[in-house]
Structure formats: structure tokens, C-alpha cells
């Protein structure tokens with residue numbers, strides 16, 4: 001068990017990819033702080049893990065800087081430090097034509113996916129810079145949408161491209177503090193958010209086609225792999241996807 005002395009924070013931990021990552025980290029011996037908007041799903045993940053002495057649920061709004069600061073403070077108070085942060089909290093926009101998208105719909109996605117992730121990175125830097133031993137690892141949830149858009153997805157796609165900029169810049173700025181920053185780009189993991197993927201997804205050519213999905217537990221193992229690297233090594237970008245999803249190529 002690599003994570004017996006390590007402490008991790010996972011945002012968006014109440015369901016889907018965040019839940020899978022949190023359970024993988026807890027299963028490997030990590031002490032984990034679960035962040036998410038609603039307390040009940042966080043408590044359910046904590047109970048499912050069977051690791052009551054190593055898990056702490058902290059309801060958190062990543063768009064609010066005081067809430068983010070409180071999340072990290074609770075982690076340090078309970079477990080002494082922060083070794084790994086998985087910035088997973090995210091929001092997807094409704095699929096509407098670009099010209100019909102409201103400013104409020106745009107802003108909601110930007111606030112969570114870009115500003116919220118920045119606030120978590122900034123707080124992680126502040127804590128990891130000051131702790132002894134100094135440093136830690138930050139893993140940002142990008143997406144296949146950080147590389148290629150789906151139709152009618154401009155807020156999500158633009159923010160996920162923005163996550164790549166956050167990752168690259170934080171990786172550069174983290175060097176002097178022994179902070180490693182990487183990004184995981186996930187394609188078609190089986191979560192409540194991707195149920196419609198199997199039912200049919202609009203394609204670039206206008207067709208609606210069912211797409212293959214993969215078990216979300218595989219993503220949890222990918223996050224665990226990145227988390228368990230020694231700080232002298234970093235996975236800057238890690239793409240994990242359903243093998244037969246239509247990402248590469250022209251289809």
C-alpha cells in the first residue's frame with residue numbers, strides 16, 4: 001500500500017469519477033478528504049469506503065474562495081498536511097446551439113471548471129509550499145474535450161482547454177516548491193453523467209451514435225497511479241479512454 005502515510009483531497013467526490021478516485025485512494029491506504037457541494041453523497045462515499053478513521057467529508061463550493069480555504073484547512077487540521085489534490089469538480093453545459101447559449105449558462109461552467117479549479121490550485125500551492133517536507137502533487141481533471149470538441153459544447157470545451165493552460169502553468173510555477181502538476185484526460189467513463197453516451201451522442205457529422213464506455217473504476221486506478229509516483233517524476237498528461245470511442249481519426 002503506497003499511500004499509507006499520504007493525504008489526499010478529492011473535489012467532486014460524491015459521485016462518478018471523483019467517487020471512483022476517492023475509493024481507489026482509500027483502498028490504497030491514503031487518508032482522504034472528500035469535497036463536494038452536498039454532504040449526503042460525500043457521507044455515502046465515506047461509508048462505502050469502510051475507512052472511517054482515514055476519511056473526512058467537507059461540503060465545499062469550489063467557486064467560493066473561503067469554502068476552498070476551509071476545505072484545505074480542515075484537511076491540515078485533521079491529517080497534518082496535503083500530499084495529493086485531485087481537482088475533479090466540474091460542470092457540463094446543456095447542449096444548445098452556440099448562438100442560443102445564455103451568458104448565465106456560459107458563466108456557470110466557467111466559474112466551476114476554470115475559476116473553481118484555479119482556486120483549488122492556488123490553495124494547494126499555499127499549503128504545499130509551507131508544509132514540511134515541502135511539496136506535493138496536483139492532478140487536474142481535463143477531458144477528451146481538452147483536445148477535441150463535441151457539437152454544441154463551447155463552454156465545456158473552452159474551459160477544458162483552459163484546464164490545460166492551468167496545468168502547464170502550475171507545473172512550471174510549482175517546480176520551485178517541489179509541486180508536481182499533471183492532468184488526466186478521460187473519455188467515456190461509465191458514470192451518471194455519461195449514461196446518454198451509450199444511448200446516443202451527437203457526432204461531428206450530425207449523426208447520433210451510441211459510443212462505447214469503460215468502467216469508471218479504471219479511471220480511479222489511473223488517478224492512483226499518478227498519485228503514487230515519487231515527486232521526482234510527473235505524468236504531465238494522461239489520457240484514459242474507452243478503446244473504441246470515436247476520438248482519434250475522422251469519425
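Inspection of segment 97-113 finds no residue satisfying the criterion of being touching a strand residue (DSSP E or B) at 6+ places or on another chain (Cβ under 7 Å) and on the phi < 0 side of the Ramachandran plot. Residues of segment 1-18 that are under 14 Å from the mean Cα position of the chain (by Cα) and in contact (Cβ under 8 Å) with a residue 40 or more places away in the chain: 8, 9, 10, 11, 12, 13, 15, 16, 17, 18. Residues of segment 224-244 that are touching a residue at least 60 places away in the same chain (Cβ under 8 Å) and either under 21 Å from residue 208 (Cβ atoms) or touching a strand residue (DSSP E or B) at 6+ places or on another chain (Cβ under 6 Å) (or both): 226, 227, 231, 234, 236, 237, 239, 241.
Please go through segment 168-183 and pick out each residue that is closer than 16 Å to residue 120 by Cα and touching a helix residue (DSSP H, G or I) at 6+ places or on another chain (Cβ under 8 Å). Of everything in segment 168-183, those that are closer than 16 Å to residue 120 by Cα and touching a helix residue (DSSP H, G or I) at 6+ places or on another chain (Cβ under 8 Å) turn out to be 170, 173, 174, 179, 180, 181, 182, 183. Helices (runs of 4 or more DSSP H) fully within segment 146-251 that include at least 2 residues being crowded, with 18+ Cβ neighbours inside 10 Å and modelled with pLDDT of 95 or more: 154-174, 216-227. Quick one: would you say residue 70 is under 20 Å from residue 170 (Cβ atoms) and either modelled with pLDDT under 95 or in contact with a strand residue (DSSP E or B) (Cβ under 9 Å, 6 or more places away or on another chain) (or both)? No; evaluated as a whole, the condition is false for this residue. Segment 1-117 holds helices (runs of 4 or more DSSP H) entirely within its bounds, and those carrying 2 or more residues that are surrounded by fewer than 17 Cβ atoms within 10 Å (Cβ to Cβ) map to 39-49, 65-79, 103-110.
The values are calculated or read from the model by the stated rules, or taken from the named source; none is laboratory data. The structure displayed is predicted, hence computed values, not measured ones. Please note: Cβ atoms are built from the backbone with ideal geometry, for glycine as well, and neighbour counts cover all protein chains shown.
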